[in-house]
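The values are calculated or read from the model by the stated rules, or taken from the named source; none is laboratory data. Predicted model, so just to flag it, every value in this text is computed and none were measured. FYI the Cβ positions are ideal-geometry reconstructions off the backbone, even for glycines, and counts take in every protein chain you see. When the accessible area is computed, the model is the full protein with side chains, heavy atoms only, and any ligands, DNA or RNA have been set aside. Shrake-Rupley method; radii C 1.70, N 1.55, O 1.52, S 1.80 Å.
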Amino acid sequence: MQNLCDYTLSELEAYLVESGFKAFNARQVFEWIYKKKVTDITKMSNLSKSLRAYLAQHHHIDGLKLFTKQVSKDQTTKFLFELEDGHLVEAVLMKHVYGMSLCVTTQVGCNIGCTFCASGLKKRIRNLTLSEMVNQVRMSETLANTKITHVVIMGTGEPFDNYDNVMRFIHVINSPYGFEIGARHITVSTSGLVPKIKAFAQAKTQVNLAISLHASNNKLRSALMPINSVYPIETLIDSVKTYIAKTNRRVTFEYLLLKGVNDTIQDADHLSDLLRGINSYVNLIPYNAVKEFDYQGSDVATQKAFHQRLLKRGITATLREEKGADIDAACGQLRANHAK
Ligand code: SAH
Ligand code: SF4
């Protein structure tokens with residue numbers, strides 16, 4: 001039985017027409033699922049009896065089971081969902097002054113193998129399907145009884161290693177008949193898969209692009225992120241420039257602050273030299289320690305000094321506020337702790 005959340009609107013239109021129904025029925029089905037949050041197909045009362053019977057016979061809507069959840073002192077909620085084949089994926093709901101954001105997982109495991117990241121501890125087992133991503137949003141909204149206003153595609157996995165499904169996912173959450181989350185409220189973060197950054201530039205969406213940089217020289221970046229040996233910094237920056245030229249959008253560079261690794265004033269100077277003139281800003285991320293690794297986060301004074309140095313050298317930068325530090329909120333940690 002195919003999950004009804006496995007279609008974008010245009011795919012569902014095509015499918016329903018092919019099955020003898022009307023294209024506009026797809027919009028109605030979308031509204032039932034994503035706006036009215038109905039999971040029982042028989043309750044979709046404005047659909048004809050024959051369409052309801054057809055859908056109920058061939059489709060279902062659910063597909064994720066809540067395995068466990070953790071709520072932190074700052075109300076960050078981490079959901080651990082069980083997929084139909086038993087794998088566990090996590091989604092993190094965060095409350096901000098501007099709304100509610102959800103951090104969504106795109107793969108079981110991750111093949112990029114960054115040396116600081118809990119998600120990379122397990123090789124990619126498989127890509128998530130469209131419905132598995134959509135249902136993280138749908139179920140988190142239902143479980144927390146809230147409206148998600150922002151989606152960050154920054155959970156476990158490399159989104160651009162599951163490019164097609166991630167793009168379809170963006171369509172569904174952005175659709176006026178789906179979750180209706182504005183493109184500018186959606187962010188996709190990549191470790192730097194250059195061909196896909198170029199494809200993303202061609203797609204010309206208003207979705208925000210974030211690049212995990214973490215180092216401003218190739219030696220260090222390759223040590224932290226093996227992907228850098230394939231797409232070194234110069235190639236990566238070139239693709240980002242192409243993206244900016246095509247979309248006229250500002251790019252975010254994420255930079256983890258790792259104690260004694262990449263957090264000196266000289267590092268800040270190199271970083272500002274690298275990014276000067278590029279329409280971008282730097283998001284400094286305090287590192288959440290992962291017990292399997294020796295890395296430690298920079299202390300607060302170092303974080304602040306690094307931040308100030310970037311500002312002084314004309315680079316727009318923010319220091320990310322740490323959320324959910326008490327509940328293993330760093331990517332992959334809750335799953336890593338439960339996976340056998
Ligand atoms: N694979 C994509 C998206 C998921 S990771 C990427 O790498 O961009 C999202 C962000 O979380 C990345 O910037 C990643 O470097 C960062 N991250 C990974 N482990 C972390 C940790 N333990 N503490 C803080 N940030 C972490
Ligand atoms: Fe994968 Fe991103 Fe973690 Fe690197 S940081 S291992 S790309 S999830």
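Tabulated values for the structure
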read-out: Qualifying residues in the range 124-159 (those that are within 16 Å of ligand 2 (Cβ to nearest atom) and touching a Phe, Trp or Tyr at 6+ places or on another chain (Cβ under 8 Å)) - the one farthest from PHE67 (Cα to Cα); value: ILE153
read-out: Residue that is free of Cβ contacts under 8 Å to residues at least 40 places away in the same chain and among the polar types (S, T, N, Q), where the choices are ASN3, ASN25; value: ASN25
read-out: Residue in the range 178-186 that is modelled with pLDDT of 95 or more and within 16 Å of ligand 1 (Cβ to nearest atom) present; value: yes
read-out: Residues within the range 190-211 that are out of contact with any strand residue (DSSP E or B) (no Cβ under 8 Å at 6 or more places or on another chain) and open to solvent by less than 10 Å² (accessible area, probe 1.4 Å), tallied; value: 2
read-out: Residue in the range 294-315 that is within 16 Å of ligand 2 (Cβ to nearest atom), surrounded by fewer than 19 Cβ atoms within 10 Å (Cβ to Cβ) and closer than 17 Å to LEU224 by Cα present; value: yes
read-out: Test: MET139 is among the aliphatic types (A, V, I, L, M), over 25 Å from ASN25 (Cα atoms) and open to solvent by 10 Å² or more (accessible area, probe 1.4 Å); value: no
read-out: Exclusive hit being within 16 Å of ligand 1 (Cβ to nearest atom) and of a type outside the set (Gly, Ala, Ser), set MET154, MET139; value: MET154
read-out: Subset tally (residues that are surrounded by 15 or more Cβ atoms within 10 Å (Cβ to Cβ) and more than 16 Å from ligand 2 (Cβ to nearest atom)) for the range 243-258; value: 5
read-out: Residue check, LEU4 out of contact with any Lys or Arg (no Cβ under 8 Å at 6 or more places or on another chain), under 23 Å from ILE173 (Cβ atoms) and open to solvent by less than 30 Å² (accessible area, probe 1.4 Å); value: yes
read-out: Conditions (1) open to solvent by less than 40 Å² (accessible area, probe 1.4 Å); (2) part of a loop (DSSP other than H, G, I, E, B); (3) at pLDDT 95 or above: number failed by TRP32; value: (2)
read-out: Yes/no for THR187 being within 12 Å of ligand 2 (Cβ to nearest atom), of a type outside the set (A, V, I, L, M, F, W, C), surrounded by 17 or more Cβ atoms within 10 Å (Cβ to Cβ) and not in a helix (DSSP H, G or I); value: no
read-out: Identity of the residue in the range 76-123, away from ligand 2 (no atom under 12 Å from the Cβ) and at positive phi, that ends up most open to solvent (accessible area, probe 1.4 Å); value: GLY86
read-out: Within the range 160-184, considering residues that are open to solvent by 40 Å² or more (accessible area, probe 1.4 Å) and outside any loop (DSSP other than H, G, I, E, B), the one nearest to ligand 2 (Cβ to nearest atom); value: ASP161
read-out: Candidates THR149, THR129, THR115 - the one that is of a type in the set (Val, Ile, Thr) and either modelled with pLDDT under 95 or in contact with a Leu (Cβ under 6 Å, 6 or more places away or on another chain) (or both); value: THR115
read-out: Matching residues, the range 234-276, being over 19 Å from GLY192 (Cβ atoms) and in contact with a Phe, Trp or Tyr (Cβ under 7 Å, 6 or more places away or on another chain); value: ASP263, ALA268
